Every structure is written in C-alpha cells, then in structure tokens.
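These notes are about the structure you will find just below.
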Amino acid sequence: MNSDVLKAGGAKVGEDSSGMPAVALSVKDKDEFYKITKKISNMDQEFKKIAITDLNLDLYNPRLPKSKQGKDETTIIEYLLLEASTLELMESIGENDFFAGEMLLVIPNDNGKYIVVEGNRRLTAVKLLNDPTIATVKKVAAKDIADAAKYKPVELPCLQFPSREDIQRFI
C-alpha cells in the first residue's frame, strides 16, 4: 500500500528495529479497529483471520538474499532465525500476543492456502511458538521461548489481496 493510502486509513508508516518497512495502526478500541479495517477492505482487499497452518512463507520475498530465494520454508526459517531477530519477536508475541494492527498481507496460493507477501518474520515467530521443532538452528532458544510463552496464536489477522502486484504497489 502506498504510504498516503495507509496514512489516510489511520496507519503510521516507518521502519521496524531491523530497518524493514513497517505499518502500524493505532487503535483505541475494537470499534475503531473494525472501522479502519472496513476502510482498508473496501480497497479490493479482504480482512480475514487465517489459521497458521494455511499460511506459507514467501519463498521469493525480495528482502531475502538471492541465494535463499526459491528455497524451501526450512531454509527461510533458518535464515530468519540467524539474521532477523526472530527470537526476540517470538518472545514479544509469546509475552504480549500478536498485535492485530499489524496484519499479514497475503495472496491466495494454488493449493487453497495463502502466501504471506508481507509479514514473513512475524509468521515465522508464530510458527516457531507453536512448533519449535521446525527450527534447524537456535533450537534450544526457540524451544525455551516457546515453552515460556503465554500466547501461541493459531490464527492471524490478514489482509488478502488478489495478486502479488496488488500488494507490492503498496509496500
């Protein structure tokens, strides 16, 4: 989404602690959240909560190094654990729950599931909270964080777009 559209919908556009682009909605109550969500959903997107088992990482995420693009989810998860402060994000979500104002941006996949075009690190953190055995590196730390977590979301708030191009024009 371009930043003007997001700002008009009440969002703040900036960068997260690792320098990645980030969008945050500041909502005071549930009614305000749904009002903003409805505004966004009228822009050819659909808001829905999706089970994490139906969400796949974007294997062609342009933020991944070329050597990792097109590989499998295990390779992407390993990279995100080593390079993207994913353990810290796991701790935060495990302690505070998933912040609904930072929805994942998804497109439908050919197999009836969804590809997460924006939010791969957050999805990885949640997948690891629910199943730390998928970690191939930092296994002990991932298990310890998962064991201590108060929250392990099994569904995440998502905005579904018709195509990758529809999302990329905004991010």
Under the condition of being more than 14 Å from the chain's Cα centre (by Cα) and either β-branched (Val, Ile, Thr) or not in a strand (DSSP E or B) (or both), which residue from the range 43-62 is modelled with the lowest pLDDT?
-> 43
Residue check, residue 146 against (1) in contact with an Asp or Glu (Cβ under 9 Å, 6 or more places away or on another chain); (2) in a helix (DSSP H, G or I); (3) modelled with pLDDT of 95 or more; (4) surrounded by 20 or more Cβ atoms within 10 Å (Cβ to Cβ), all met but one. Which one?
-> (4)
Can you tell me which residue within the range 63-77, out of those that are more than 14 Å from residue 127 (Cβ to Cβ) and open to solvent by 70 Å² or more (accessible area, probe 1.4 Å), is nearest to the chain's Cα centre (by Cα)?
-> 63
Regarding residue 74, is this residue farther than 21 Å from residue 145 by Cα and either at pLDDT below 65 or not in a loop (DSSP other than H, G, I, E, B) (or both)?
-> no
Would you pick out the residues in the range 59-92 that are farther than 15 Å from residue 138 by Cβ and in contact with a strand residue (DSSP E or B) (Cβ under 7 Å, 6 or more places away or on another chain)?
-> 73
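Can you find a residue in the range 93-116 that is in a helix (DSSP H, G or I) and surrounded by fewer than 18 Cβ atoms within 10 Å (Cβ to Cβ)? Even if it seems obvious, please write down each step before you answer.
So the first thing to find is which residues in the range 93-116 are in a helix (DSSP H, G or I), and the list is 93-96.
Now restrict to residues that are surrounded by fewer than 18 Cβ atoms within 10 Å (Cβ to Cβ): 95-96.
Yes; the residues of the range 93-116 include at least one that is in a helix (DSSP H, G or I) and surrounded by fewer than 18 Cβ atoms within 10 Å (Cβ to Cβ).
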Checking residue 87 against (1) closer than 27 Å to residue 165 by Cα; (2) open to solvent by less than 80 Å² (accessible area, probe 1.4 Å), which single condition isn't satisfied?
-> (1)
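The values are calculated or read from the model by the stated rules, or taken from the named source; none is laboratory data. What you see is a predicted model; the values in this text were computed from it and never measured. Because the Cβ atoms are built from the backbone with ideal geometry, glycine has one as well, and the counts that use them run over all protein chains shown. With ligands, DNA and RNA removed, areas are computed over all heavy atoms of the protein, side chains included. Shrake-Rupley method; radii C 1.70, N 1.55, O 1.52, S 1.80 Å.
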